[in-house]
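Notes for the one structure printed next.
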Amino acid sequence: MRIKSAETTQAIGTGNLVILGGSGDVGQRLIRLLAAHAEWKIWSVSRRGPAVDTTHPNVAAITLDVASPEAANSLPEGAIFVNLTEATPPELVATILARGGIVLDTSASPDYVDDQNRVAVGKTGRLITGVGTAPGLSTLMGADLARDGRVRTLRIGLELGMGRHFGQAAAEWFFRALGKPYDDPATGRATFPGTNPWRFKFAPTETPRMALDIGFPDAGIFPDGREESVRHYLAVDPRLVTRLIAATQRLGFGRWMARHSIRLTRLSRWLPQIGPTRTRIAAVAFDRDGKEIASHLFEGGDQADLTASMILLTVESICSSDAGQEGGNSIVDHLDLAQAVRGLARHFPETLSINTITRQNPN
């Protein structure tokens, strides 16, 4: 089904919310969250056709290749767009913003986010990046710690449980990221992922676990334009898998995995689902002497559920009467940590296991 722009104009009394990549893992979960909101008309955009429940009166599907030069003509105007796929070209984002639309981007690839920010300059619409779990919730955790003027370095670790197979987009990003050098925040030099691992205590009573250094967007973490150091890390649970990935990185297989990310994603579907289905984040702050000042720890459920809920919270924030139409281009400009935790508990009271974020101040 291909729905033309004349059929996607905003309905009276409702707003259009367009999900680019709506048939994916996060997209389907987000649609289930949004379907109960009668004030929204939800458009699921997918290249391979609808894989969502379109029997709900608020949900419709558009079969569309977003990389097509004419893609913008098949999309609603005056809408909020949620971009869940890096297949969306910056040119399409630029067109949406030029029409006054709002784009919420969930990408964890620094280069892709930089491209989105570049095309947003001078446009009448608004681009908000880092809307998800990491970046997103992890960004809010780091930003809350960075309000302390003593903080000079932040280390943010994300641990993903292998209790289920992740969606295609997430899995492909994982393999690509392992082969993508990132700019070391301390030296400014290109550094290969896994060169400088770190050990995080993802729970107060747990022994530290290895996490591999990796490139992540970090816009908005430090306030008032402070240019301090933010380092990001990724771990997998069970921890043995993290060690195996570290070994492949040392052997130089990272670039090979990046080149074959699509094939490896398909093969990963055959791997056993082991470990818990949970997401844990640790954000640790250090002063100029390298002494730990404080940390935030978070444990929740499925990463896709968390990301969908974070998107919904951001949508609610930018549409609220007190948020107005102004705001910056980072999730930090629209949510704070306390709002996010309350919202996650509200949207997923049964399916998410959310622990209170702990703040530790070592002696």
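Test of understanding: what is the full-extension gain from ILE274 to ARG150, defined as 0.36 nm times their sequence separation minus their Cα-Cα distance? Walk me through the numbers on the way to the answer.
On the way: separation 124, 0.36 × 124 = 44.64 nm, distance 4.05 nm.
Going from the current span to full extension adds 40.6 nm.
Pick out, in residue order, every one of the trypsin sites (Lys or Arg not before Pro) in the stretch 214-287 that is DSSP loop and has at most 11 other C-beta atoms within 10 Å; say none if there are none. Mind showing how you got there, number by number?
Working: sites: ARG226, ARG231, ARG239, ARG243, ARG250, ARG255, ARG259, ARG263, ARG266, ARG269, ARG278, ARG280; in loops: ARG226, ARG269, ARG278.
In loop regions of the stretch 214-287 (DSSP not H, G, I, E or B), the sparsely surrounded trypsin sites (Lys or Arg not before Pro) are ARG226, ARG269.
Could you state the principal axis extents of the C-alpha atoms in the stretch 91-153, from the largest down, to the nearest angstrom?
Here the spans come out as 41, 20, 17 Å, largest first.
Pop a pseudo-label 7 angstrom from the Cα along the beta-carbon direction at both GLU228 and THR63 and give the gap in nm to one decimal.
Placing both labels 7 Å beyond Cα along the Cβ direction yields 5.2 nm.
Which ³J(HN,Hα) values in Hz, rounded to whole numbers, follow from the phi angles of the stretch 287-295 under the Karplus curve 6.51 cos²θ - 1.76 cosθ + 1.60, where θ = phi - 60° and Gly and Pro get x?
Running phi through 6.51 cos²θ - 1.76 cosθ + 1.60 with θ = phi - 60° gives 8, 5, 8, x, 8, 5, 9, 6, 8 Hz.
Name the aspartates and glutamates eligible as straight-distance cross-link partners of LYS123: C-alpha to C-alpha under 19 Å, and not fewer than 8 places from it in the same chain.
GLU77, GLU91, ASP105, ASP114, ASP115, GLU326, ASP333
Can you compute the charge dipole magnitude of the stretch 72-194 about its Cα centre, using +1 on each Lys and Arg Cβ and -1 on each Asp and Glu Cβ, nothing else charged? Give it in debye, rounded to the nearest 20.
I would put it at about 260 debye.
Roughly how many Å² of SER268 are accessible to a 1.4 Å probe, to the nearest 10?
Rounded to the nearest 10, that gives 20 Å².
Which translational diffusion coefficient, to the nearest whole µm²/s, is obtained for the stretch 226-328 from the Stokes-Einstein equation, given a Kirkwood hydrodynamic radius over C-alpha pairs, 10 °C and 1.306 mPa s? Mind showing how you got there, number by number?
On the way: Rh = 17.9 Å.
The Stokes-Einstein estimate is 89 µm²/s.
Hey, can you rank 112-121, 170-179 by average C-beta count inside 10 Å, highest first? Before the final figure, lay out the partial values.
Numbers: 112-121: 17.5, 170-179: 20.5.
Final packing ranking: 170-179, 112-121.
If you place +1 on the Cβ of every Lys and Arg and -1 on the Cβ of every Asp and Glu, how big does the dipole about the Cα centre of the stretch 243-289 come out, in debye to the nearest 20? All intermediate terms of the calculation are to be shown ahead of the outcome.
Details: 10 positive and 2 negative charges, 71 e Å.
Computed charge dipole of the stretch 243-289: roughly 340 debye.
Rounded to whole Hz and in sequence order, give me ³J(HN,Hα) for the stretch 226-238 from the Karplus expression 6.51 cos²θ - 1.76 cosθ + 1.60, θ = phi - 60°, writing x for Gly and Pro.
Karplus values, whole Hz, x for Gly and Pro: 4, 9, 10, 9, 10, 10, 10, 9, 9, 10, 10, 10, x.
Could you tell me what percent of the DSSP beta bridges with both partners in the chain are antiparallel, to the nearest 5? Please report the intermediate quantities before stating the final value.
Numbers: 27 of 59 bridges.
Looking only at bridges with both residues in the chain, the antiparallel portion is about 45 percent.
For the stretch 123-190 and the stretch 284-316, what is the centre-to-centre distance using only Cα atoms, to the nearest Å?
With the stretch 123-190 and the stretch 284-316 each reduced to a Cα centre, they are spaced 10 Å.
Using only Cα atoms, figure out Rg for the chain and give it as a multiple of 2.2 N^0.38 Å.
Working: Rg = 19.9 Å, N = 363, 2.2 N^0.38 = 20.7 Å.
That works out to 0.96 for the chain.
Residue by residue through the stretch 101-111, which ³J(HN,Hα) values in whole Hz follow from phi under the Karplus form 6.51 cos²θ - 1.76 cosθ + 1.60 (θ = phi - 60°), with glycine and proline marked x?
x, 10, 10, 9, 10, 10, 5, 9, 9, x, 4
From the protein chains alone at 1.4 Å, what is the descending order of accessible area for ASP65, ASP287, largest first?
Values: ASP65 70, ASP287 35 Å².
Most to least solvent-accessible, the answer reads ASP65, ASP287.
With a 1.4 Å probe and all protein chains kept in place, how do TRP43, TRP270 rank by accessible area, largest first? Display every interim value, and only then the final one.
Working: TRP43 15, TRP270 215 Å².
Largest accessible area first, the residues go TRP270, TRP43.
Expressed in nm to one decimal, what extension gain is obtained for the pair ARG250 and ALA98 from 0.36 nm per residue of sequence separation less their Cα-Cα distance?
Values: separation 152, 0.36 × 152 = 54.72 nm, distance 4.51 nm.
Contour length minus Cα-Cα distance gives 50.2 nm.
I want the local charge near LEU17. Using Cβ-Cβ distances under 12 Å, sum +1 for each Lys or Arg and -1 for each Asp or Glu among the other residues.
Numbers: positive: LYS41; negative: GLU39, GLU316.
Overall, the nearby charge balance is -1.
Just need the relative contact order of the chain here, percent rounded to a whole number, with Cα pairs under 8 Å and 6+ apart. It would help to have the intermediate numbers written out before the result.
Working: 775 pairs, mean separation 62.7, N = 363.
Taking the mean separation of contacting Cα pairs over the length of the chain, I get 17 percent.
Provide the per residue accessible area, probe 1.4 Å, for the chain, rounded to a whole number of square angstrom. Mind showing how you got there, number by number?
Values: 16640 Å² over 363 residues.
It amounts to 46 Å² per residue over the chain.
Which cross-chain or sequence-distant (5 or more) residues have an amide H under 5 Å from the amide H of VAL82, H modelled 1.01 Å from N in plane?
VAL18, ILE19, LEU20, LEU104
Multiplying the sequence separation of ASN73 and ARG47 by 0.36 nm and subtracting their Cα-Cα distance, what value in nm do you get? All intermediate terms of the calculation are to be shown ahead of the outcome.
Working: separation 26, 0.36 × 26 = 9.36 nm, distance 1.51 nm.
In short, 7.8 nm is gained.
The values are calculated or read from the model by the stated rules, or taken from the named source; none is laboratory data. This one's a predicted model, so the numbers in the text were calculated from it and none came from an experiment. Note that we place each Cβ from the backbone using ideal geometry, even for glycine, and neighbour counts take in every protein chain shown. Just so you know, the surface numbers come from the protein's heavy atoms only, side chains and all, with ligands and any DNA or RNA stripped out. Shrake-Rupley method; radii C 1.70, N 1.55, O 1.52, S 1.80 Å.
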